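To keep things clear, I will list the structure first and then write my remarks on it.
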Amino acid sequence: MRLGDFLCKKAISVDLKASTKKDVVREMIDLLIDSNVVDKKNRAKVFDIIMAREELGSTAIGQGVAIPHAKFDGMEKLTASLGISKNGVNFDSLDGEPAHIFFLLIAPIDSAGPHLKALARISRLLKDKFFRDNLKSAENVKAVLKLIALEDERIG
């Protein structure tokens with residue numbers, strides 16, 4: 001499984017405006033709504049399940065990365081949005097550092113295997129400091145997609 005397989009290419013922002021955890025989640029969900037991946041009527045439900053998951057423990061994994069995620073019965077397939085915050089946001093990270101790179105992952109209820117594979121793939125790609133730094137400094141969505149395609153290819 002490659003990142004390009006489940007990342008919604010229309011749901012990427014290189015300039016998140018949010019300054020709080022809740023606002024990041026809202027903005028990331030809105031990217032999926034604007035891309036017609038999540039129905040607007042499900043905005044509150046999706047927000048609630050993502051925040052319920054955050055209550056169990058922060059999905060900020062450190063090194064400036066957060067992967068808020070949940071399963072939702074209104075999803076037909078695994079999908080993700082990607083947001084980059086130039087200023088960083090306190091996401092209750094394990095290392096206490098602000099998060100700059102956010103992957104919001106939503107999976108169908110019955111997709112435990114793909115959901116876990118997607119989380120593992122995102123984590124694996126973002127372990128590389130060079131890749132993280134390049135993502136953070138990407139000027140536009142086209143540059144982000146190129147970086148992701150190259151990294152997907154490199155890691156295989």
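Just so you know, all these numbers are worked out from the coordinates, no wet-lab data involved. Only a predicted model underlies this, so the values are computations on that prediction, with no experimental measurement involved. Cβ coordinates were reconstructed from backbone atoms using ideal geometry, including for glycine residues, and neighbour counts include every protein chain displayed.
Highest GNM mean-square fluctuation among Phe103, Phe47, Phe130, for the chain modelled with Cα contacts below 10 Å: Phe130. Pairs of Cα atoms nearer than 8 Å and 6+ residues apart set the relative contact order; for the stretch 3-155 it is 27 percent.
Helices in the chain, meaning DSSP H runs of at least 4 residues, each add -39500 (n - 2.57). Divided by all residues, the mean residue ellipticity at 222 nm is -14000 deg cm²/dmol.
For Leu145 and Asp5, FRET efficiency with R0 = 22 Å and r from the beta-carbon atoms, rounded to 0.05? After rounding to 0.05, the efficiency reads 0.95. Placing a pseudo-label 7 Å from each Cα along the Cα-to-Cβ vector at Leu56 and Arg154 gives an inter-label distance of 3.2 nm. FRET efficiency for the pair Ser123 and Asn36, taken as 1/(1 + (r/R0)^6) with r the Cβ-Cβ distance and R0 = 25 Å, rounds to 0.35. GNM remark for the chain: springs join alpha carbons under 10 Å apart, and the peak mean-square fluctuation among Glu97, Glu139, Glu54 falls on Glu139.
Dividing the C-alpha radius of gyration of the stretch 64-104 by 2.2 N^0.38 Å, with N its residue count, gives 1.33.
Taking every DSSP bridge with both residues inside the chain, close to 55 percent are antiparallel.
Using only alpha carbons, the chain has a radius of gyration to Kirkwood radius ratio (Rg to Rh) of 0.92. Here the spin labels are modelled as points 7 Å beyond Cα on the Cα-Cβ line, and at Lys86 and Asp48 they lie 3.6 nm apart.
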